[in-house]
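Here the structure comes first, spelled out in C-alpha cells, and everything after it is commentary.
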Amino acid sequence: MVGYGFMGAAHSHAWRTAHRFFDLPLTPVLRTLSGRTESALVAAAERYGFEQTTTRWQDLVEDPEIDVIDICTPGDTHFEIAMAALAAGKHVLCEKPLANSVEESAKMAAAATEASRRGIRSICGFSYRRTPALAYARQLVAEGAVGEIRQVRAQYLQDWLSDADAPMTWRLDKDKAGSGALGDIGAHIIDLAQWISGQDIATVSGILETVVPTRPAAGDMQGLGGKGDLSGERQQVTVDDVALFTARFDSGVLGSFEATRMAQGRKNAMRVEINGSTGSIAFDFERMNELEIYDATADAGRQGFTRVLTTEPEHPYAAAWWPTGHGLGYEHTFTHEIADLVRAIGEGTDPSPSFEEALQVQRVLAAVEASSADGSRWLGVDPSAP
Ligand code: SOE
C-alpha cells in the first residue's frame, strides 16, 4: 500500500477484515506500507499491521512477493504509481478520482485494459458503490422498481471547510488534488448516479466557486477540518469549494448535482434520488443502513416513502455480517470493495469500477470545469477525449 492517511487506514482495515467475513479464494497479507515520512510511516505500519515499510514506492513495484498495489495517495501521484505497477504485473486498486486529468486517466485505462489480457486486475476506489443500500438501489432500478427514470438528483454535502480558518491541505491544492469539492466528493455522486441509473452523463452545464480564497497553514493538524496555524501567512486555495451542475444523461434524462464541503451541519450527506415513472428511490449516507422506496402504483391512501432497513440477508453484502437489523458503517464499504477485488483476482475476472469506468467520471469532471470556465455553457462529455 502506498499512503497511510485517512484512506490508508480505511483500506488497511478492509484488507485485514475481508477474508474473515467473506469466503474468499485468497487470503491477503499486508506486506509493505510505503509513505514519505519515516516516523509516521513506521507508526502507521505497526498500527495497521504491515510487515515492513519503505519510503520508496518503487520498492513495492520491484518486490516479487507483492501481488497487489493499493494506491491511497493524493491524485497527482496516481498515474506514475499505477502505470509502473501495471507494467510490473501487479493488480492495482487506485483511490478516486482516478487521476488529475483526462489525459492521465485515459492512459491508465488503456494500460489497465492491456494488463487485463495478461490476467492483471485493476479497480478504482469508488467505495460507496459497496454500501448495501446503494447496491440494492441499483438492483431495484434495474428490475424496473421505479419504472422509467425521469430525473436524477444527487448531492454530496460536508461541512469540514465551513470555517474560513480551517487549514490549507492537499485537498485544496489543484496541483495535488486536481480539483476541489468537484473531484473529491462530486466524483462519488457522478459515479453513483451513472452506476445506479445504468446511464452515462452526456452533457453538462456547471459552475464552480472558491468561497474562501486563502487559508492558514496546517501546522500539526491532521485529518479534515479544525483550525490552521493562525500565526503564519495565509495560503492560496486553488480549487473549488462549491460545485454545482446540471447534466443530461445519454437517454435524455436530466440530473442535478451539488458538491460542497461548506454545508454547515451536513457531515457526510451523500444523497442520491432517482425519480421514475412508477416510483422513487432515495438514499442519504447519514442514514446509510436505510433506503427509502416510494411505490406510486400502491393504493393511493397508503402511498408514502417506505423506509427499508438494508441490513437483511436479502440485501447485498449484509448476509456476511450481523444478525437481522444490526447495521454497518463507513468502513464496511471498503471491506466489501476488497472482498470483491480479491474474489475477482482469485476467479480471474475484471472487477468494477474499472479504470475505463473511472475515466468516464474523469471526463464528466473535466466537462464541468470547462463549462464553468465558459460561463456555464452546456458542453458535451467527449467519449473519445483526450
Ligand atoms: C473528504 O471530503 C473525504 O474524505 C473524501 O475524500 C472521501 O472520498 C469521502 O469518502 C469522505 O470525505
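The values are calculated or read from the model by the stated rules, or taken from the named source; none is laboratory data. A quick note: this is a predicted structure, and the numbers were derived from the prediction, not measured. Note that each Cβ is placed from the backbone with ideal geometry, even for glycine, and that neighbours are counted across all protein chains shown.
Residue count for the stretch 25-75 satisfying the condition of being over 14 Å from residue 12 (Cα atoms), in contact (Cβ under 8 Å) with a residue 40 or more places away in the chain and surrounded by fewer than 19 Cβ atoms within 10 Å (Cβ to Cβ): 3.
Listed by position, the strands (runs of 3 or more DSSP E) inside the stretch 6-89 whose residues that are farther than 28 Å from residue 102 by Cβ number at least 1 are 32-34, 52-54. Take residue 258 and tell me if it is modelled with pLDDT of 95 or more and within 16 Å of the ligand (Cβ to nearest atom). Answer is yes for this residue. Contact annotation: residue pairs with Cβ atoms under 8 Å, 6 or more positions apart or on different chains, pairing a residue in the stretch 268-279 that is within 13 Å of residue 256 (Cα to Cα) and in contact (Cβ under 8 Å) with a residue 12 or more places away in the chain with a partner that is aromatic (Phe, Trp, Tyr) and within 14 Å of the ligand (Cβ to nearest atom), are 271/156; 271/285.
Among the residues of the stretch 29-39, those that are within 22 Å of the chain's Cα centre (by Cα) and not polar (S, T, N, Q) comprise 33, 35.
Matching residues to (1) under 26 Å from residue 17 (Cβ atoms); (2) within 24 Å of the chain's Cα centre (by Cα); (3) of a type in the set (Phe, Trp, Tyr):
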| site | (1), (2), (3) |
| --- | --- |
| 44 | yes, yes, no |
| 48 | yes, yes, yes |
| 55 | no, no, no |
| 59 | yes, no, no |
| 64 | no, no, no |
| 72 | yes, yes, no |
| 78 | yes, yes, no |
| 81 | yes, yes, no |
| 85 | yes, yes, no |
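The residues on offer are 319, 269, and the sole one that is among the hydrophobic types (A, V, I, L, M, F, W, C), within 16 Å of the ligand (Cβ to nearest atom) and at pLDDT 95 or above is 269. Every listed requirement among (1) over 24 Å from residue 376 (Cβ atoms); (2) crowded, with 17+ Cβ neighbours inside 10 Å is met by residue 232 save one, (2). Report whether or not residue 193 is assigned to a strand (DSSP E or B) and either touching a residue at least 60 places away in the same chain (Cβ under 8 Å) or within 16 Å of the ligand (Cβ to nearest atom) (or both). No; evaluated as a whole, the condition is false for this residue.
Among the residues of the stretch 274-288, those identified as surrounded by fewer than 18 Cβ atoms within 10 Å (Cβ to Cβ) and touching a Gly at 6+ places or on another chain (Cβ under 6 Å) are 277, 278. Checking each residue of the stretch 256-273 against the condition of being part of a loop (DSSP other than H, G, I, E, B) and over 30 Å from residue 226 (Cβ atoms) gives no match. Scanning the stretch 16-51 for residues that are within 19 Å of residue 85 (Cα to Cα) and in contact with a helix residue (DSSP H, G or I) (Cβ under 7 Å, 6 or more places away or on another chain) yields 28, 30, 32, 33, 34, 35.
Quick grid of which residues meet (1) within 12 Å of the ligand (Cβ to nearest atom); (2) of a type outside the set (D, E, K, R); (3) assigned to a helix (DSSP H, G or I):
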{"position": "128", "(1), (2), (3)": "yes, yes, yes"}
{"position": "161", "(1), (2), (3)": "yes, yes, no"}
{"position": "171", "(1), (2), (3)": "yes, no, yes"}
{"position": "183", "(1), (2), (3)": "yes, yes, yes"}
{"position": "199", "(1), (2), (3)": "no, yes, no"}
{"position": "204", "(1), (2), (3)": "no, yes, no"}
{"position": "207", "(1), (2), (3)": "no, yes, no"}
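For the stretch 203-233, filtered to residues that are touching a Phe, Trp or Tyr at 6+ places or on another chain (Cβ under 6 Å) and at pLDDT 90 or above, the residue that is nearest to residue 243 (Cα to Cα) is 206. Across the stretch 139-158, not a single residue is classified as over 18 Å from residue 357 (Cβ atoms), within 16 Å of the ligand (Cβ to nearest atom), of a type in the set (Ser, Thr, Tyr) and surrounded by fewer than 24 Cβ atoms within 10 Å (Cβ to Cβ). It is to be established whether one or more residues within the stretch 99-121 are over 22 Å from residue 317 (Cα atoms), at pLDDT 95 or above and within 16 Å of the ligand (Cβ to nearest atom). Yes, the stretch 99-121 contains at least one residue that is over 22 Å from residue 317 (Cα atoms), at pLDDT 95 or above and within 16 Å of the ligand (Cβ to nearest atom).
Of the residues making up the stretch 360-367, one or more are farther than 14 Å from residue 182 by Cβ and either assigned to a strand (DSSP E or B) or not aromatic (Phe, Trp, Tyr) (or both). For the stretch 221-231, a tally of residues being of a type outside the set (A, V, I, L, M), within 21 Å of residue 211 (Cα to Cα) and away from the ligand (no atom under 16 Å from the Cβ) returns 3. Scanning the stretch 240-255 for residues that are assigned to a strand (DSSP E or B) and within 15 Å of the ligand (Cβ to nearest atom) turns up 242, 243.
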